[in-house]
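Here's the structure, in structure tokens; my notes come after.
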Amino acid sequence: MLTFILLGRLTNLAVEQTRELQERDKRAAEIIKNAGGNLVSLYYTFGQYDFVAIIEAPSQEIMGLILLEIGRFSTVSSETLMAMPPEQMYSLIHKLP
């Protein structure tokens, strides 16, 4: 599984529908699970982003589908980063000439 870090902002529509936040989070988790992924963690934050999610997905393509499906809510905008654990980076470094 690949790991993705999603940095998100709530749209004006999401703020207007604040009382539905928990239900939207549940629907997003279901979308991720149904696509073969896993919502590892979700945090609401203060600052430049309103929330941070750690998501595991089988591929970049599946993550793209997850983002498109969640985007249909029209309640978030996001930036997504692909992440790798330190051990994977160390393995790459050992392959350097």
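Below is a table of values for the structure above.
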read-out: Residue match in region 9-31 (condition: charged (D, E, K, R) and in contact with an Asp or Glu (Cβ under 8 Å, 6 or more places away or on another chain)); value: yes
read-out: Selection within region 1-57 - in contact (Cβ under 8 Å) with a residue 40 or more places away in the chain, closer than 17 Å to S77 by Cβ and of a type in the set (S, T, Y); value: T11, Y49
read-out: Those residues of region 74-97 which are part of a strand (DSSP E or B) and farther than 20 Å from D25 by Cα, in sequence order; value: M82, A83
read-out: Residue tally, condition without any contact (Cβ under 8 Å) to a residue 60 or more places away in the chain and not hydroxyl-bearing (S, T, Y), over region 78-97; value: 10
read-out: Pairs where the first residue, in region 59-77, is among the polar types (S, T, N, Q) and the second is at pLDDT 95 or above, C-beta under 6 Å, 6+ apart; value: S77/R9
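The values are calculated or read from the model by the stated rules, or taken from the named source; none is laboratory data. None of the values given here were measured: they were computed from a predicted structure. Using ideal geometry, Cβ is built from the backbone for each residue, glycine included, and neighbour counts are taken over all protein chains shown.
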